[in-house]
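Working notes, beginning with the structure itself.
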Amino acid sequence: SAVISQKPSRDICQRGTSLTIQCQVDSQVTMMFWYRQQPGQSLTLIATANQGSEATYESGFVIDKFPISRPNLTFSTLTVSNMSPEDSSIYLCSGRLAGTGELFFGEGSRLTVL
Amino acid sequence: DAKTTQPNSMESNEEEPVHLPCNHSTISGTDYIHWYRQLPSQGPEYVIHGLTSNVNNRMASLAIAEDRKSSTLILHRATLRDAAVYYCILNSGYALNFGKGTSLLVTP
């Protein structure tokens, strides 16, 4: 199994600022992903974090708004840039271990933008 | 990924079995059937997955129809801790695309 830790667990931010969320995995995962969960909604995939190269974004998400880094197999960051109240969501990091079908998730980072 | 259809909500009594259905009539031959659940205020957690044969683990059983167009997640004895949103997801790639899931209410 894998344990995924996210920081911060929650934050309140001002409109127009940016926040970087960190994700640390205790095992080497082959794949890492970032999801968003808006209030009362299901999870939406933002992007696949690729080690040492640019992330692969899903339709509706762009690098300028959600820059992602993954410098090694166990760490990734997601930045929410130029935030607006519509960005208030829970952001979740997940990872897949090699040779398994399971995705492991962090507890999420709850972001409130005022 | 192919689409899945689940009931919005279900209710069960504690200590009774629960059968959560999922329809996936457009499933392809390479799609695995995954089930995850999300407890309140937590990230999703893996429950079970399978391809063609029924699967059992410590959490649940997965019954897959012979034509693979539907599946059922079986919780053998529901507990209050099993109250969660259960997601049925088809996947043949790397990431999982979550639908709306079934919200399971367990009553004492």
5 angstrom amide H check on A:S88, placed H, neighbours 5+ away: A:V113
Extension gain (nm, one decimal) between B:S103 and B:M59, 0.36 nm per residue minus Cα-Cα: 14.1 nm
Separation of the B:K3 and A:T20 label points, Cα + 7 Å toward Cβ, nm: 4.1
Residues with amide H under 5 Å from that of B:Y32, placed H, sequence gap 5 or more: B:N91, B:S92
Relative contact order (%) - region A:11-70, alpha-carbon pairs under 8 angstrom, separation at least six: 21
Positive minus negative residues near B:R77 (Lys, Arg vs Asp, Glu; Cβ under 13 Å): -2
For region B:1-77 and region A:40-114, distance of Cα centres in Å: 25
Per-residue average of Cβ from other chains inside 10 Å of B:45-52: 2
Positive minus negative residues near A:G40 (Lys, Arg vs Asp, Glu; Cβ under 14 Å): +3
Straight-distance crosslink candidates among aspartates and glutamates, where the alpha carbon sits under 13 Å from B:K3 and sequence neighbours closer than 8 are dropped: B:D31
Other protein chain Cβ atoms within 10 Å, averaged over every residue that makes up A:38-46: 3
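Where a number appears in this text, it was derived from the coordinates with a stated rule and is not lab data. Quick caveat, the model's predicted, so the values are computed rather than measured. Here the Cβ is made from the backbone with ideal geometry for all residues, glycine too, and neighbour counts use every protein chain on show.
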